[in-house]
Structure formats: C-alpha cells, structure tokens
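**Student:** Please read through the structure below; I'll follow up with questions.
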Amino acid sequence: MYVAEPIVKRGFFFSPADSERKHPGVLTISDGGKVELELTADDSAFTSFEEMEIGRLIGIVEGGYVTLEECGYRTKSVSFPGLPATSRIEARLAFIGVGMEEAGKFLSMRFGVEGLSEWWNKSAFKLDVGNKFEDFTLSVDIPPPVEFTFQDGTKFKLFLNAKIPGGRKFPTLEFFHQAYIQITPSEPKPFDYFIGLSHRITRFFAFAVGRPVAIHSLMAEIDDSTLEPLHKWLSVYFRSLNYPSQREGKPHRAHDMLLSYASVGPRLQSMLSNWLRECDNLGPALHHYYLVQDNFHSYIDTKFISMAQALEAFHRRTSNITRLPKPEYKAKVAAILEGCPEADKEWLKQKLNFGNEITLAERLARMFSPYVAVFGGEQAVADIIKGTKNTRNYHAHYDANGAKKAVKGAALVALTYRLQVLFTLCVVVRLGFTVDEALNLAKVDALARLLRTAINIDEDG
C-alpha cells in the first residue's frame with residue numbers, strides 16, 4: 001500500500017472490554033500500510049505481562065475515532081510501579097473515522113492503483129486551443145464509468161474523480177484527475193473479503209501494466225444505519241506489498257504497458273472475471289512470474305529458475321495430459337509390481353509414482369507450439385527448449401556433466417526473456433485472447449522489447 005506521507009494521530013486508546021481505562025499514545029501509519037502505536041502506560045496495558053497479543057483497540061484521536069484490528073505488542077516496556085513506560089504495538093488494520101466494538105461488515109470499497117489512470121488513459125479535462133494564446137478554453141468533461149457485475153453479484157466500477165481549484169493560487173493552479181476502482185458485493189461482507197478481492201484485482205493490473213504497482217487511497221463504506229451517509233465512508237490502511245515505482249522517476253506510460261485499456265476495451269469484464277476465477281488455480285505459476293517481473297531476484301540464474309517453474313506450474317494447472325490414460329498406467333504399474341521381489345516393491349512403487357507424467361521439455365513443446373513464429377521458427381524453439389531443459393536440470397542437481405550443458409551468462413538472460421514472453425502469451429490466451437490476438441500482442445512494445453533484447457544478446461555473442 002502506498003502512503004504518500006506518514007499519518008500521525010495522537011490520542012487515547014482503550015480496549016472495548018474496558019473502555020474506562022484509556023492510555024495516551026501516538027498512532028503512525030507509514031508507507032506500505034504499516035500501522036504502529038506507541039503507547040504510554042504505568043502498567044501492562046490491555047494484557048497480562050506475559051501476553052503479547054491484544055486484539056481490537058479503539059482510539060479517540062485528533063479528528064475523531066479510530067479502530068485498530070489484530071493488535072499485538074512488538075516491544076513491551078515494563079517500568080517500576082507507578083512510573084510510565086512506552087511500548088510499541090502493531091496492528092494489521094486501521095479504520096479511521098469510527099470506533100467499532102466488534103467486527104463490522106462493509107457495503108463497498110473504493111481504491112486507487114498506481115498506473116491505473118495511465119492504463120485507462122482518460123482525461124477529465126478538455127483543452128481547446130485557438131489561433132492565439134488567449135483563445136483557449138479548459139472544460140470539465142468526465143468520461144462515463146466502466147461498470148459491470150461479476151458472476152457472484154459483485155459490482156465493479158472504474159471511474160474518474162476530478163477536482164478543480166477552489167480559488168486563486170500563485171504561481172500555479174492545480175487540476176486533479178485520477179482513476180479509481182469501486183467494488184460492491186451483493187450483500188454486506190467482512191472486510192477480509194474486500195482485502196482478498198482488491199489484492200487479486202491489483203495483481204491483474206500489475207500483469208496488464210507489466211510492472212509492480214501499489215494500492216492506495218482506500219475508502220470503505222461500513223454497514224451501519226446509525227451513521228450519516230457521508231460518515232459511513234472510512235479511510236482504511238493495512239499492511240500490503242508496496243513498490244515505490246513513481247518515486248523512482250519511472251512514470252507509467254500507456255504505450256509501454258502489456259495490456260492497456262485500448263487493447264482490452266469491452267473485454268475487460270470477461271478478462272477480469274477469468275482472472276479472478278483462475279487466480280487461485282494459477283497461483284503457483286503467477287507467484288514465480290511476479291518474482292521475475294517485480295525484480296525480486298538479484299541474480300539471473302534465480303530469475304531463470306522462477307520462469308522455468310512458472311511455465312511448468314502453468315502447464316500442470318491447465319492440462320491433465322499424461323503419457324498413458326490413468327487406468328491403463330495404473331494397470332501397467334500393478335503388473336510391474338506383481339513381478340517385483342517383495343523387498344523392492346516399495347522402492348519401485350515410489351519410482352513409478354510419477355512415471356506417467358510428461359517431461360518439462362514435452363510441456364514446453366506444447367506451450368510453444370502456437371507461437372513458433374514469434375520465437376524464430378521450429379529450430380529456434382527446439383534450441384530454447386533444449387537450453388531450458390538442460391539448465392533447469394543442472395540447477396536441480398548441480399552435477400558436473402550438467403554444468404557443461406547449462407546455459408550461462410548473457411545467453412541465460414536472453415533465454416529468460418524468451419520464457420517470460422511465452423508465459424505472458426499463455427496467460428493472455430487463458431484470459432480470453434485468441435492465439436492470433438496473442439501473436440499480435442507479441443509485436444507491442446512490452447514484449448517486442450524483450451524479444452529484441454534477446455536477439456541482440458545472441459548477435460553480440
């Protein structure tokens with residue numbers, strides 16, 4: 001979670017189980033959604049001296065109430081009787097604007113994602129320039145939202161929020177427009193539902209943008225009929241992945257993205273629905289892919305291993321192909337074991353457990369098959385598969401003979417780039433693209449740049 005500036009609130013905090021005993025503290029919410037409370041007390045507040053986990057806390061702070069969920073001591077200071085001591089408490093969630101004595105349910109949540117505005121590429125302002133500098137007009141023209149409903153009844157809304165200056169400001173006037181997402185289930189849900197769904201949606205946009213992104217500006221509408229409509233919307237913070245891409249001077253550009261809105265258009269609903277449906281199934285494959293996309297690995301050999309594992313996991317999760325039909329293989333194994341000496345049966349059975357699976361090379365051949373032209377033809381694909389198989393086997397066993405066959409150095413960088421392109425093409429087809437559309441996608445900047453780099457590495461030798 002991206003938090004532009006640390007949020008600091010001072011006040012008094014108490015447990016719902018004992019609202020009379022309040023302790024002064026300083027709440028700090030920092031980048032990444034980290035929620036920390038420095039609490040000053042003259043005893044072991046909220047728990048016994050041995051206990052570290054607290055649960056829910058409520059704070060009366062500057063500006064109103066705050067609820068902290070799943071709190072626990074990280075450092076507990078114990079002073080002499082009657083003397084104050086400061087301890088550090090961490091919370092998993094912070095709801096700003098309400099004090100909840102028990103876990104609430106929520107009607108809706110809206111949030112921003114880094115790069116979302118650039119991905120949608122819609123503006124709230126229209127600038128018309130005439131023949132002279134003085135002949136220009138600036139008008140507000142907010143585009144209609146993109147709205148649809150998922151299969152479980154949850155509504156999805158992509159919309160643009162715009163703000164104009166409230167008065168004169170020198171030397172500049174700032175106009176604000178930013179895209180947000182709102183998700184509204186068919187009935188009130190615990191907040192963990194929104195956390196899970198927003199995480200999967202954000203990961204979809206990380207894939208579409210082609211680089212890591214962070215969630216930000218979360219607001220949730222609590223299901224509480226006693227509150228005024230405006231007061232139902234709470235600011236929410238929780239610990240999540242955070243990537244400071246924009247603050248590193250790397251702005252998002254639509255033409256650099258793998259799948260911009262212009263290339264997805266009316267298929268956003270089906271693609272996002274397919275993503276949510278496949279997310280858990282493809283989780284292991286996507287996990288390894290994101291390790292590469294997010295530059296988690298520092299060394300090229302670990303990047304290669306992740307891409308090889310991503311492709312193998314993807315094929316395993318999307319295909320149940322085996323060497324023989326399962327009943328036939330089961331009968332074959334039974335016949336083999338029947339003639340095996342009793343002392344060796346268990347050993348042989350273990351060896352035969354995975355004998356019906358196809359090899360990594362065979363899986364890769366099937367995955368490459370529709371996209372041979374993208375990678376330079378059949379011989380080039382055969383070389384990629386051979387290099388991937390030999391290098392993966394070496395990194396699995398680290399034997400001396402395997403080391404001679406393994407791809408190394410710059411050639412391994414080129415091989416990893418090509419595997420990254422293959423994985424991307426397989427995923428977009430799984431999400432609803434046709435093979436022909438995937439072939440065209442390989443020509444866009446994001447994938448074409450990886451392929452060009454790989455070719456340049458090969459030519460430089």
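The values are calculated or read from the model by the stated rules, or taken from the named source; none is laboratory data. These numbers come from a predicted model, not from an experiment. FYI the Cβ positions are ideal-geometry reconstructions off the backbone, even for glycines, and counts take in every protein chain you see.
**Student:** So how many residues does the stretch 159-191 have that are within 29 Å of S139 (Cα to Cα), of a type in the set (F, W, Y) and surrounded by 15 or more Cβ atoms within 10 Å (Cβ to Cβ)?
**Tutor:** Total satisfying the criteria: 2.
**Student:** Now, a different point. For residues in the stretch 142-184 being among the basic types (K, R) and at pLDDT 80 or above, which is farthest from K122 (Cα to Cα)?
**Tutor:** Taking the stretch 142-184 first, the residues among the basic types (K, R) are 155, 157, 163, 168-169.
Now drop any that are not at pLDDT 80 or above, which leaves 155, 157, 163.
Details: K155: 21, K157: 15, K163: 15 Å.
Ranking the candidates gives K155 first.
**Student:** Of the residues that sit in the stretch 36-50 and are among the hydrophobic types (A, V, I, L, M, F, W, C) and under 37 Å from the mean Cα position of the chain (by Cα), which one is nearest to V8 (Cα to Cα)?
**Tutor:** Taking the stretch 36-50 and keeping what is among the hydrophobic types (A, V, I, L, M, F, W, C), we get 37, 39, 41, 45-46, 49.
Next, from what is left, pick out any that are under 37 Å from the mean Cα position of the chain (by Cα): 37, 39, 45-46.
Numbers: L37: 10, L39: 13, A45: 21, F46: 22 Å.
Top of the filtered list is L37.
**Student:** If E362 meets every condition in (1) assigned by TED's automatic domain parsing to the domain that holds N295; (2) touching a residue at least 12 places away in the same chain (Cβ under 8 Å) apart from one, which number is that one?
**Tutor:** (2)
**Student:** So, of the residues in the stretch 85-144 that are more than 30 Å from S198 (Cα to Cα) and basic (K, R), which turns out to be surrounded by the most Cβ atoms within 10 Å (Cβ to Cβ)? First the steps, then the outcome.
**Tutor:** Keep residues of the stretch 85-144 that are more than 30 Å from S198 (Cα to Cα), which gives 85-87, 126-139.
Among the residues that remain, those that are also basic (K, R) are: 126, 132.
Details: K126: 10, K132: 7.
Result: K126.
**Student:** Here's another thing I want to ask about it. Go through (1) surrounded by 13 or more Cβ atoms within 10 Å (Cβ to Cβ); (2) aliphatic (A, V, I, L, M); (3) modelled with pLDDT under 90 for A4 and report which single condition fails.
**Tutor:** Of everything listed in (1) surrounded by 13 or more Cβ atoms within 10 Å (Cβ to Cβ); (2) aliphatic (A, V, I, L, M); (3) modelled with pLDDT under 90, A4 misses just condition (1).
One line per residue, one yes/no per condition, for (1) of a type in the set (F, W, Y); (2) over 30 Å from S369 (Cβ atoms); (3) at pLDDT below 95:
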| position | (1), (2), (3) |
| --- | --- |
| P229 | no, yes, yes |
| F238 | yes, yes, yes |
| L241 | no, yes, yes |
| P266 | no, no, yes |
| D294 | no, no, yes |
| A310 | no, no, no |
| A313 | no, no, no |
| S319 | no, no, yes |
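**Student:** Pick from G72, G33: which is of a type outside the set (F, W, Y), within 28 Å of the chain's Cα centre (by Cα) and surrounded by 19 or more Cβ atoms within 10 Å (Cβ to Cβ)?
**Tutor:** Among G72, G33, only G33 is of a type outside the set (F, W, Y), within 28 Å of the chain's Cα centre (by Cα) and surrounded by 19 or more Cβ atoms within 10 Å (Cβ to Cβ).
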